[in-house]
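The structure appears right after this line, and notes come after that.
Just so it is clear, none of the values below were taken in a lab; they were calculated from the coordinates. Since this is a predicted model, take the numbers as computed values, not measurements. Heads up, the Cβs are rebuilt from the backbone with ideal geometry, glycines too, and the neighbour counts pull from every protein chain shown.
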There are 6 protein chains.
Amino acid sequence: MTNTHASLNGKDNLRYERGLAKLQQIDGEGGIKVVESLAGIAPDFARLLIEFPFGDIYSRPGLDLRSREIAVVAALTAMGNAAPQLKVHIQGALNVGVTRTEIVETIMQMAVYAGFPAALNGLAAAREVFAADASLEEPA
Amino acid sequence: MTNTHASLNGKDNLRYERGLAKLQQIDGEGGIKVVESLAGIAPDFARLLIEFPFGDIYSRPGLDLRSREIAVVAALTAMGNAAPQLKVHIQGALNVGVTRTEIVETIMQMAVYAGFPAALNGLAAAREVFAADASLEEPA
Amino acid sequence: MTNTHASLNGKDNLRYERGLAKLQQIDGEGGIKVVESLAGIAPDFARLLIEFPFGDIYSRPGLDLRSREIAVVAALTAMGNAAPQLKVHIQGALNVGVTRTEIVETIMQMAVYAGFPAALNGLAAAREVFAADASLEEPA
Amino acid sequence: MTNTHASLNGKDNLRYERGLAKLQQIDGEGGIKVVESLAGIAPDFARLLIEFPFGDIYSRPGLDLRSREIAVVAALTAMGNAAPQLKVHIQGALNVGVTRTEIVETIMQMAVYAGFPAALNGLAAAREVFAADASLEEPA
Amino acid sequence: MTNTHASLNGKDNLRYERGLAKLQQIDGEGGIKVVESLAGIAPDFARLLIEFPFGDIYSRPGLDLRSREIAVVAALTAMGNAAPQLKVHIQGALNVGVTRTEIVETIMQMAVYAGFPAALNGLAAAREVFAADASLEEPA
Amino acid sequence: MTNTHASLNGKDNLRYERGLAKLQQIDGEGGIKVVESLAGIAPDFARLLIEFPFGDIYSRPGLDLRSREIAVVAALTAMGNAAPQLKVHIQGALNVGVTRTEIVETIMQMAVYAGFPAALNGLAAAREVFAADASLEEPA
């Protein structure tokens, strides 16, 4: 079903394949769950999510994946209205090699730009993700 | 006058000195202008701005200045309601060694998390800052 | 109790009656629950909610109810900080004849203007509302 | 023309009169300019602006006008996307007896809840309003 | 230059062509200006803007263009931090057949969901666009 | 552990002590819980939270604590993305002598500036805090 509209865009297979690989590399299981959750309500959106953010944007040269994930953790913490996606990307940051300390520092810094409540809620998200993460690294 | 309240906190001289040096290192002339603009309306806020964001946060170990500036450019682009500060920090990013390409990529990525208008307005800010910047580096 | 202050404004009965009818037409049970939830904390706010948004705004000519509900679903999805109200208005959109497909398309389009997290959270709200809705129509 | 729809609501004259008086008391010239600016584009909205915010909300007992204006200055500073209205309400706060110092403190405090850029932009708005204001009171 | 990266995605020509046509249909001159403004700073972003929002989203069946533009005007008014894009889409709404009255009603309704300042600033944008527009239709 | 970094700033003991007392006075048990929740993830942030918002800002003269808490309740209601902090500060407002009626009026007024959903969600937070509060005062 995800493929109905894609078939009109058969030519997009490259973007789709590249995006799916990037999604798995960055967001891992969390990213796949997001895609699966869309199956019943908006399967085309799952395809678009793979193609544009991951196939187009994350696949670009010019900025390393670690910096990209720091940027996303910063932005979602500052916006403060997308807790599920913030958690996926805190895990994503860990997946591409950002340390727990770097994640905590990025979130703390948002107190300056978006206020203490945004930073506190970001740290609560990080605590949850770190607790579920297999890694043994110590937080800041 | 900035020192009135600080005198009550004489012990904060370390934070103030450390913060002022960091402000100059990161934001350069733009940061000094911000501080000066507060002289007539809220001189204590100039002191607090130097002490907390720069003396406390930016002076922390655990995250390099390049990553900190990428995080700020991402957050301010995504929030979309702080154009003057975004420009100061695009220059700040250049000052600590983030390349024009990296800045443009950071802002472009915000289209995914905060929408195309946020990214377009962020790119407009970058264009302005780059035009005024002495550096000869080519954009993306 | 809702009527205490209204009695001072006896002349507002028309707006109140018109608003209550409109609230029931658009939001149905969900709207009544919102009004009831205010009884213990701010009964006057229940009256104002009926009179201004529903008695004044939704009762205006110049824009059909279907378009008004599409506008609200779009705005609340984009703002991303009002999940309970978004759900009430996704049901409201269904109540005034917006199809599931149209609702899903409206929310997907917000990925462009407010980012993918906003759209993903909007689709999650729609999935919940559609699952609870008696209608048999198929989603997009 | 403002009265076309009001005539359907002839009974709302009380709210309109009460609201207009309150608008003049709080926002003074700035409020009247807002109303006039709507004449060519949405005259009914001018009436609704007078009736609901000023006729209904500001006319309520239970919170004094000084506190109401402090609340508005805080909220608009924190939201950071409504500079014209923030200026009108900084003047409004002065009009109902909030001191310059209290306004500056209210805005500075928003650095904690909405970040330093929001507070800096709020202070810039205050500087502009204070400069244009006849009052001789000294800022903080 | 816009085509450098597209050449890697030669298969995306369909999306690009379809998107460019849709951009011209909806946003007209305003859309082209946005694309041109990106030439010096982020030409790839111009391509992505044409391909994803216009080639992918606006080209979908399931929601008519009038409703799509009402949704965008509503969302950008409510967000309140993207004035240039709001103006482009108020013109875009006119271009696809939304009447001035419908635009004004959509914006007025946002007072309920995002507050009066958001609606007032949206109406100011509409006044500007209507004044520059050749159409003779009368506003609400 | 909270003191590791503070020892570098031994001179900040005054700000820390003053801030801790102010935190306890305003937020009471809720504030202490916030500080404790940071122990495992970002103990330094607990110290910064005590020193800057409470030691620096809330300790300033120029605006009484009642007005400061009204300002915070207004801002967090309007922002709509910090429910836990809003609840802490609704209790904080009660703690420094703001009445339930004044809190309800402050939140209701936000319907004008940030929309009805923000006010409705703020009132839901107030209902929860009031229900848990020992005080016998009646709501509005």
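Which three extents, in angstrom, do the Cα atoms of the stretch A:27-91 have along their principal axes, listed largest first?
33, 27, 19
Sorted by packing (mean other beta-carbon atoms within 10 Å per residue), highest first, where do B:100-106, C:122-128 land? Before the final figure, lay out each step's value.
Values: B:100-106: 24.6, C:122-128: 22.4.
Output ranking for B:100-106, C:122-128: B:100-106, C:122-128.
Return one quarter of the surface area of the convex hull spanned by the alpha-carbon atoms of the stretch D:18-132, equal to its mean projected area, in nm². Write down the numbers at each step before the final one.
Working: hull surface 27.9 nm².
The directionally averaged projection comes out at 7.0 nm².
Which single residue of chain B puts its beta carbon nearest to the axis of rotation relating B to E, and what distance, in whole Å, does that give?
Closest Cβ on chain B to the axis mapping it onto E, in Å: B:Asn81, 3.
Compute the Rg/Rh shape ratio of the protein assembly as shown: radius of gyration over Kirkwood radius, all on alpha-carbon atoms.
0.95
From the P(r) of the stretch B:66-140, can you give the percent of Cα pairs sitting at distances over 18 Å?
Across the stretch B:66-140, Cα pairs with separations above 18 Å total 26 percent.
Any idea what the alpha-carbon Rg over 2.2 N^0.38 Å comes to for the stretch D:88-128?
Scaled against compact globular proteins, the figure is 1.09.
Rounded to the nearest 10 degrees, what's the angle between the helix C:83-95 long axis and the longest principal axis of chain C, both from Cα atoms, 0 to 90?
On a 0 to 90 degree scale, this one is about 90.
Within the set C:Lys87/F:Lys87; C:Lys33/F:Lys87; C:Lys22/D:Lys22; C:Lys33/C:Lys87; A:Lys22/E:Lys22, which residue pairs have Cα atoms separated by over 19 Å? If you can, show how the numbers build up before the last one.
Values: C:Lys87/F:Lys87 23 Å; C:Lys33/F:Lys87 22 Å; C:Lys22/D:Lys22 29 Å; C:Lys33/C:Lys87 13 Å; A:Lys22/E:Lys22 29 Å.
In this structure, C:Lys87/F:Lys87; C:Lys33/F:Lys87; C:Lys22/D:Lys22; A:Lys22/E:Lys22 exceed 19 Å between Cα atoms.
What average count of beta carbons from other chains do you get within 10 Å of the Cβ of residues in D:34-43? Intermediate results must be reported in sequence, preceding the final value.
Numbers: counts 3, 0, 0, 4, 4, 0, 5, 15, 13, 2.
Mean shielding by partner chains, rounded to a whole number: 5.
Peptide A:96-105: average number of partner chain Cβ atoms within 10 Å per residue? Write out the running numbers ahead of the final one.
Details: counts 0, 0, 2, 2, 2, 5, 6, 3, 6, 12.
Counting Cβ atoms of other protein chains within 10 Å of each residue's Cβ and averaging gives 4.
How far is helix B:116-132 tilted, in degrees, relative to the longest principal axis of the Cα atoms in chain B, given as a value from 0 to 90 rounded to the nearest 10?
Orientation of helix B:116-132: about 70 degrees from the principal axis.
Around D:Asn121, with a cut-off of 14 angstrom between Cβ atoms, what is the net charge of the other residues, counting Lys and Arg +1 and Asp and Glu -1? If you can, show how the numbers build up before the last one.
Numbers: positive: B:Lys87, D:Lys87, D:Arg127; negative: D:Glu128.
It works out to a net charge of +2.
Angle check, please: helix E:65-79 long axis (alpha carbons) against the longest principal axis of chain E (alpha carbons), in degrees 0 to 90, nearest 10.
70
Would you calculate a helix-derived [θ] at 222 nm for chain D, using -39,500 (n - 2.57) for each DSSP H run of n ≥ 4 and dividing by the full residue count, to the nearest 500? List each step's numbers first, then the result.
Working: 7 runs with 98 residues, N = 140.
That calculation yields -22500 deg cm²/dmol at 222 nm.
What does the charge count around D:Met108 come to, taking other residues whose C-beta lies under 12 Å from its C-beta (Lys +1, Arg +1, Asp -1, Glu -1)? Kindly include the intermediate steps, with their values, before the conclusion.
Details: positive: B:Arg47, F:Arg60, F:Arg68; negative: B:Asp44, D:Glu102, D:Glu105, F:Asp56.
Here the charged neighbours net out to -1.
About the Cα centre, and with charges only on the beta carbon of Lys, Arg (+1) and Asp, Glu (-1), how big is the dipole of the protein assembly as shown? Nearest 20 debye, please.
0
Go ahead and set up a Gaussian network model of chain D, Cα springs under 10 Å, then flag whichever of D:Ile90, D:Ile70, D:Ile57 fluctuates most.
Highest fluctuation among the options: D:Ile57.
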